[in-house]
Amino acid sequence: MKRVSFSLLFLLTHFAFTTAQTGINTPSPSSTLDISAKNSTGTSTDTEGLLVPRVDRQRAQNMTTVPVSTLIYVNNITTGTLTGTAARIDSAGYYYFDGTVWTKLVTSLNIYNSDGILSDPRTVTTNGNLLSFINGVNNVKLGTSATEASLSANGSSRGWLNLAGGSANLDYYVNNTGVGQLVSFGTSTQLSIGSTNASPLALKTNGTDRITILSNGNTGVGTSTPNTKLEISSGTANISGTKLTNLTSLSPISTGQTLGVDSAGNVITVANPAPASVTTASVNITTGASFNVNDTTVIMVPGTSQTVAIPTGGKALFINFMLGIDYGSNPAGSGASYYEARLYLDGAATDCYMRTQEYGPGGFSAQFSFNTVKFLAAGNHTIDVRMTRTFNNGVASGTNMLCIPISMSFNATYLN
């Protein structure tokens, strides 16, 4: 019996070497090793299949001089480490040796019904075909648990990202000239840029914030802490930083109010002054009533008394007086006396007056004139001019000098 078994084994081995094909459970192998199930159909409970060597990760990691394509089954990953030839052995399963590391035999995954994990970076080349992700119910999302998440759309000349809601569109793109743009179009009714919390909105160039809008609406140009609805900081003392290109000193003046700056630098409007009007109380005559002047009394020059109504707030009154007279008599000792004409306001003498001396013995004429400005409070005021002889110089006291007016002009004027 032993001799028969040996002979059969020798015969099988000889057959395998001469034919280069071996069959198990098949008389006609179709490959180098052809294994057929003993019961390929039916209800038999016998176990069919091929058992490959089962090892833990540490055993696989310690193997040396492993031929390419060697197949094993790793049944335990609590031993060994994810290093060296075991760098990819992260779970139990079938592994083959690719010449460098043990690589998992991964069954084909269908992303439509199965989840999976990429073990290495992958590139999908669409070969000019459009790749679309369409969800008829929910959103399509791209997410990552990493610190940085990025979405890139790169082109040799342009990069473009389009967001569409119906026929309203928003484009982020870089055009052929390298200009980055954010544009809404289609049926879009508004392009809003900003925040929905209390954080500010900043626009920057060259890495520096240039325009800042705070959560309260204050806008700063050149400042990140504006205190008003619009605050401009030029960064240079005495330079506003504001320029109106089409409005210069040569522009015609039209209706509107003047712009000014208050002590805090705020731009304010300054009410335009009302057109000036002139209110004048005056008397201009070439003939008038004669009057007598002496040293014992002060007499009002006839025709000079006027009432002036000053409006609320008061006014500066511009007063001009001119009087030419002939002396109509020649009292004993006259010819060197002094005569004075003085302005009176509301019956009180002012500091505005003029004195003249007769022009030698028998002097027959004289001129008096003065100009002044007096501020008067609101209300009615009277003004007049009064005369007296201030130095007799030989004329007996109380002696009258007849004064005959030649011409007189007395004006009191203020601007409204």
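The values are calculated or read from the model by the stated rules, or taken from the named source; none is laboratory data. No experiment lies behind these values; they were computed from the predicted model shown. A quick note on method: Cβ atoms are made from the backbone with ideal geometry, for glycine too, and the neighbour counts reach across all protein chains shown.
Per-structure values
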quantity: Residue check for VAL301: of a type outside the set (Asp, Glu) and either within 27 Å of LEU345 (Cβ to Cβ) or surrounded by 13 or more Cβ atoms within 10 Å (Cβ to Cβ) (or both); calculated: yes
quantity: Some residue of the range 347-364 being within 18 Å of GLY303 (Cβ to Cβ) and touching a residue at least 40 places away in the same chain (Cβ under 8 Å); calculated: no
quantity: Within the range 62-95, tally of residues that are under 21 Å from SER119 (Cα atoms), without any contact (Cβ under 8 Å) to a residue 40 or more places away in the chain and not in a loop (DSSP other than H, G, I, E, B); calculated: 11
quantity: Yes/no for LEU109 being closer than 30 Å to ASP56 by Cβ, at pLDDT below 80, in a loop (DSSP other than H, G, I, E, B) and not hydroxyl-bearing (Ser, Thr, Tyr); calculated: yes
quantity: Boolean, GLY241 is more than 30 Å from ASN380 (Cβ to Cβ), assigned to a strand (DSSP E or B), within 16 Å of the chain's Cα centre (by Cα) and not assigned by TED's automatic domain parsing to the domain that holds ALA336; calculated: no
quantity: Members of the range 336-377 that are among the small types (Gly, Ala, Ser) and over 60 Å from the mean Cα position of the chain (by Cα); calculated: ALA336, SER337, ALA341, GLY347, ALA348, ALA349, GLY360, GLY362, GLY363, SER365, ALA366, SER369
quantity: Sole exception among (1) in a loop (DSSP other than H, G, I, E, B); (2) over 30 Å from THR187 (Cα atoms); (3) of a type in the set (Val, Ile, Thr) for THR103, by number; calculated: (1)
quantity: Residue check for ASP56: without any contact (Cβ under 8 Å) to a residue 24 or more places away in the chain and either within 60 Å of the chain's Cα centre (by Cα) or farther than 11 Å from TRP102 by Cα (or both); calculated: no
quantity: Filter result for LEU182 (modelled with pLDDT of 85 or more, part of a loop (DSSP other than H, G, I, E, B) and closer than 29 Å to THR212 by Cα); calculated: no
